[in-house]
Amino acid sequence: MTATDTGERRRGSDARPLITDLIDEATVESIAQEAWVALVGEDEILVPLPGDAPVDPVSSWVDVVGPWTGSIVLTTGRRTAEELSRALLREASPEVLEEEDVVDAFGEIANVVGGNVKAALPGPSGLSLPEVGEAPAVRNPGDLCRIDVLWRGEPVSISVQGALPPLPTAP
Amino acid sequence: MRALVIDDSRAMRRIVSGILEGLGYETQQAGHGREGLDVLDGGWLPELVCVDWNMPVMDGLQFVSAVRSNPAWRSMTIMMVTSESEQTQIVKALAAGAHEYVIKPFTADAIRDKLALLGLLPQEASL
Ligand SMILES: [Mg+2]
């Protein structure tokens with residue numbers, strides 16, 4: 001038998017999968033679009049176009065721990081995050097939006113998108129409670145699947161990013 | 001009919017409660033499993049409980065197990081409403097005693113269809 005490189009060795013026990021081997025942008029986009037329609041509103045379309053980076057960015061994310069470990073991070077401008085929260089709260093939306101309202105609503109969108117991304121990955125994996133704040137850093141640019149969309153003309157990015165730095169390359 | 005909606009997200013509680021009230025349910029809300037058990041302990045017994053999985057203090061799976069260990073609450077129907085959509089997790093929840101499983105994001109029609117299957121549509125909504 002001739003030795004052909006099937007990639008088996010690289011997928012061995014000491015290797016770990018990269019997100020780009022597990023999910024693609026189109027899947028992330030369709031998960032996000034479905035979440036937006038159900039949570040934000042029936043006519044709320046995400047347009048797959050990159051916008052300028054938001055001036056006052058805020059992120060919401062959940063962590064996945066399992067065969068692949070990392071975070072699903074939504075990032076947008078503060079005002080857009082507030083607008084999203086108002087859309088979710090609808091008639092229950094207070095006149096003055098508190099920080100905790102944004103943490104609640106923007107965090108729940110990350111929970112829904114993240115839970116469905118997790119289901120598309122090999123399991124079993126654990127899912128953390130959502131957090132809102134400054135996005136966790138990208139540890140490995142090769143372990144990243146990111147989409148940029150516009151919602152009501154404002155930029156929103158969704159990044160599925162590994163929590164671990166790249167493995168050292170063989171000498 | 002009464003429904004208890006348990007989710008750590010107030011926005012999500014509003015969405016689920018809004019759908020159930022639209023179907024004719026009277027609802028109460030709780031922010032995690034422990035708070036949900038407090039409502040039941042207080043004597044407000046619903047026909048239906050919609051419970052999230054990922055919550056602080058007491059998660060949905062622990063809540064289901066706690067309800068199922070009390071014979072007085074046996075008639076309550078429990079529906080998990082969660083973004084936790086791995087097959088192994090769904091099996092775990094059903095084994096613990098949940099009747100139905102709805103994956104977030106869901107539509108109002110999806111909730112209505114599940115309730116119809118369970119025979120839990122209030123009369124005005126089933127017409
Ligand atoms: Mg939750």
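Pairs meeting the criteria (first residue in the stretch A:103-125 and β-branched (V, I, T), second residue open to solvent by 10 Å² or more (accessible area, probe 1.4 Å), beta carbons under 7 Å, at least 6 apart or on different chains) are A:V103/A:V132; A:V112/B:P105; A:V113/A:I31; A:V117/A:I23; A:V117/A:I31. Given the conditions (1) within 16 Å of the ligand (Cβ to nearest atom); (2) open to solvent by 40 Å² or more (accessible area, probe 1.4 Å); (3) within 30 Å of A:A87 (Cβ to Cβ), which single one is not true for B:E26? B:E26 satisfies every listed condition except (1).
What's the number of the only condition in (1) surrounded by 14 or more Cβ atoms within 10 Å (Cβ to Cβ); (2) farther than 15 Å from A:L129 by Cβ that B:L61 fails to meet? Failed condition: (2).
Restricting attention to the stretch B:38-80, which residues are among the polar types (S, T, N, Q) and within 16 Å of the ligand (Cβ to nearest atom)? Walk me through it before giving the result.
Step one: list which residues in the stretch B:38-80 are among the polar types (S, T, N, Q), which gives B:54, B:62, B:65, B:69-70, B:75, B:77.
Result: B:N54, B:Q62.
It is to be established whether one or more residues within the stretch A:149-157 are among the basic types (K, R) and either over 15 Å from the mean Cα position of the chain (by Cα) or more than 16 Å from the ligand (Cβ to nearest atom) (or both). Scanning the stretch A:149-157 turns up at least one residue that is among the basic types (K, R) and either over 15 Å from the mean Cα position of the chain (by Cα) or more than 16 Å from the ligand (Cβ to nearest atom) (or both). Is at least one residue of the stretch B:2-21 away from the ligand (no atom under 16 Å from the Cβ), at pLDDT 95 or above, open to solvent by 10 Å² or more (accessible area, probe 1.4 Å) and out of contact with any strand residue (DSSP E or B) (no Cβ under 8 Å at 6 or more places or on another chain)? Checked against the condition, which is being away from the ligand (no atom under 16 Å from the Cβ), at pLDDT 95 or above, open to solvent by 10 Å² or more (accessible area, probe 1.4 Å) and out of contact with any strand residue (DSSP E or B) (no Cβ under 8 Å at 6 or more places or on another chain), the stretch B:2-21 yields no hits at all. In this structure, does B:G31 turn out to be at pLDDT 95 or above, within 13 Å of the ligand (Cβ to nearest atom) and surrounded by fewer than 22 Cβ atoms within 10 Å (Cβ to Cβ)? Judged against the criteria, B:G31 is a match.
Before we move on, is A:V65 at pLDDT 95 or above and within 20 Å of A:G126 (Cα to Cα)? It is true that A:V65 is at pLDDT 95 or above and within 20 Å of A:G126 (Cα to Cα). Can you find even one residue in the stretch A:102-114 that is under 16 Å from A:S159 (Cα atoms), within 8 Å of chain B (Cβ to nearest Cβ) and either more than 14 Å from the ligand (Cβ to nearest atom) or polar (S, T, N, Q) (or both)? Yes: the stretch A:102-114 contains one or more residues that are under 16 Å from A:S159 (Cα atoms), within 8 Å of chain B (Cβ to nearest Cβ) and either more than 14 Å from the ligand (Cβ to nearest atom) or polar (S, T, N, Q) (or both).
Which residues, taken from the stretch B:78-111, are away from every other protein chain (no Cβ under 14 Å) and either surrounded by fewer than 17 Cβ atoms within 10 Å (Cβ to Cβ) or part of a loop (DSSP other than H, G, I, E, B) (or both)? Hits for the stretch B:78-111 are B:L94, B:A95, B:G97, B:A98, B:H99. Report whether or not A:L97 is assigned to a loop (DSSP other than H, G, I, E, B), in contact with an Asp or Glu (Cβ under 6 Å, 6 or more places away or on another chain) and either surrounded by fewer than 19 Cβ atoms within 10 Å (Cβ to Cβ) or of a type in the set (S, T, Y) (or both). In short, yes. Residues of the stretch B:36-85 that are free of Cβ contacts under 8 Å to residues at least 24 places away in the same chain and in contact with a strand residue (DSSP E or B) (Cβ under 9 Å, 6 or more places away or on another chain): B:D38, B:S85.
Looking only at helices (runs of 4 or more DSSP H) that fall completely inside the stretch B:1-74, which ones have 3 or more residues that are within 12 Å of another protein chain (Cβ to nearest Cβ)?
Working: elements: B:10-22, B:33-41, B:60-68.
Qualifying helices (runs of 4 or more DSSP H): B:10-22.
Look through A:L167, A:L129, A:L144 and report the one residue that is open to solvent by 30 Å² or more (accessible area, probe 1.4 Å), away from chain B (no Cβ under 14 Å) and in contact with a Gly (Cβ under 9 Å, 6 or more places away or on another chain). Please lay out each step first, then the result.
Working: A:L167 fails: in contact with a Gly (Cβ under 9 Å, 6 or more places away or on another chain); A:L129 fails: away from chain B (no Cβ under 14 Å).
Of the residues listed, the single one that is open to solvent by 30 Å² or more (accessible area, probe 1.4 Å), away from chain B (no Cβ under 14 Å) and in contact with a Gly (Cβ under 9 Å, 6 or more places away or on another chain) is A:L144.
Of the residues making up the stretch A:68-80, not a single one is within 13 Å of chain B (Cβ to nearest Cβ), surrounded by fewer than 19 Cβ atoms within 10 Å (Cβ to Cβ) and either more than 23 Å from A:G133 (Cα to Cα) or touching a helix residue (DSSP H, G or I) at 6+ places or on another chain (Cβ under 7 Å) (or both).
Quick one: in the stretch B:52-93, which of the residues that are of a type in the set (A, V, I, L, M) and under 19 Å from A:K118 (Cβ atoms) is farthest from the chain's Cα centre (by Cα)? Looking at residues that are of a type in the set (A, V, I, L, M) and under 19 Å from A:K118 (Cβ atoms), I get B:V91.
The values are calculated or read from the model by the stated rules, or taken from the named source; none is laboratory data. Owing to the predicted nature of the structure, the values given are computational and were not obtained by experimental measurement. Virtual Cβ from ideal backbone geometry, glycine too; neighbours counted across all protein chains shown. The protein model used for the area step is the full one, side chains on, heavy atoms only, and it has no ligands, DNA or RNA in it. Shrake-Rupley method; radii C 1.70, N 1.55, O 1.52, S 1.80 Å.
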